[in-house]
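Colleague: The structure follows.
The values are calculated or read from the model by the stated rules, or taken from the named source; none is laboratory data. Keep in mind that what you see is a predicted model, and the values were worked out from it rather than measured. Backbone-built Cβ (ideal geometry, glycine too); neighbour counts: all protein chains shown. To get the accessible areas, we keep the full protein, side chains included, count just its heavy atoms, and leave off ligands, DNA and RNA. Shrake-Rupley method; radii C 1.70, N 1.55, O 1.52, S 1.80 Å.
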Amino acid sequence: MALPNAYAQYNNSKILTASPAELTLMLYDGAIKFCNIAIIGIEQKDIQKAHSNIVRVQRIIEEFRSTLDRKYPVAEDFDRVYVYLLQRLLEANLHKDEEILKEVLTHLRSMRDTWVEVMKQNKVK
């Protein structure tokens with residue numbers, strides 16, 4: 001049973017050694033993953049699975065909002081997008097609405113892809 005522990009240690013060291021840019025990418029990946037799991041939860045009529053994963057996505061977006069550097073004007077644009085996504089997630093959770101989650105997922109994927117391009121252009125690891 002040492003394998004799960006080794007996997008957890010690997011993941012922990014991956015996070016501890018990641019650059020801020022890589023951590024941001026991991027958060028986007030996590031939000032996308034949890035949004036997909038929430039959609040599956042709705043499809044399976046597993047309300048708890050849907051709820052807990054929507055909440056995870058909300059927490060990640062709240063983390064993005066809390067770390068915005070407000071000295072840059074673009075931060076306000078990102079904040080408006082994050083507030084919109086949080087509002088849509090709240091609606092999706094209240095109504096267990098798969099279509100709203102798919103919309104949020106589209107936005108998250110777009111933001112993730114943009115982040116990857118920024119990392120490439122700036123040769124950030």
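Colleague: Here is a check on your reading of the model: is E63 open to solvent by 70 Å² or more (accessible area, probe 1.4 Å), closer than 13 Å to A38 by Cβ and assigned to a helix (DSSP H, G or I)?
Modeller: no
Colleague: Okay, moving on. Quick one: which of I54, I40 is open to solvent by 60 Å² or more (accessible area, probe 1.4 Å) and either among the β-branched types (V, I, T) or without any contact (Cβ under 8 Å) to a residue 12 or more places away in the chain (or both)?
Modeller: So the residue among I54, I40 that is open to solvent by 60 Å² or more (accessible area, probe 1.4 Å) and either among the β-branched types (V, I, T) or without any contact (Cβ under 8 Å) to a residue 12 or more places away in the chain (or both) is I40.
To keep it simple, each residue is scored yes or no on (1) in contact with a helix residue (DSSP H, G or I) (Cβ under 9 Å, 6 or more places away or on another chain); (2) among the small types (G, A, S); (3) under 22 Å from I37 (Cβ atoms); (4) without any contact (Cβ under 8 Å) to a residue 40 or more places away in the chain.
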residue: L68; (1), (2), (3), (4): yes, no, no, yes
residue: F78; (1), (2), (3), (4): yes, no, no, yes
residue: Y82; (1), (2), (3), (4): yes, no, yes, yes
residue: L90; (1), (2), (3), (4): yes, no, yes, yes
residue: N93; (1), (2), (3), (4): yes, no, yes, no
residue: T106; (1), (2), (3), (4): no, no, yes, yes
residue: R109; (1), (2), (3), (4): yes, no, yes, no
residue: E117; (1), (2), (3), (4): no, no, no, yes
residue: K120; (1), (2), (3), (4): no, no, no, yes
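Colleague: Among L94, L108, which is open to solvent by 70 Å² or more (accessible area, probe 1.4 Å) and in a helix (DSSP H, G or I)?
Modeller: When all the criteria are applied, what remains is L94.
Colleague: Now, a different point. Does R70 fit the bill of being open to solvent by 30 Å² or more (accessible area, probe 1.4 Å), of a type in the set (K, R) and under 15 Å from the mean Cα position of the chain (by Cα)?
Modeller: Against the criterion (open to solvent by 30 Å² or more (accessible area, probe 1.4 Å), of a type in the set (K, R) and under 15 Å from the mean Cα position of the chain (by Cα)), R70 does not qualify.
Colleague: Is there a residue in the range 10-33 that is among the aromatic types (F, W, Y), part of a helix (DSSP H, G or I) and surrounded by fewer than 18 Cβ atoms within 10 Å (Cβ to Cβ)?
Modeller: Yes: one or more hits.
Colleague: Of the residues that make up the range 43-58, is at least one touching a Gly at 6+ places or on another chain (Cβ under 6 Å), farther than 23 Å from W115 by Cα and small (G, A, S)?
Modeller: yes
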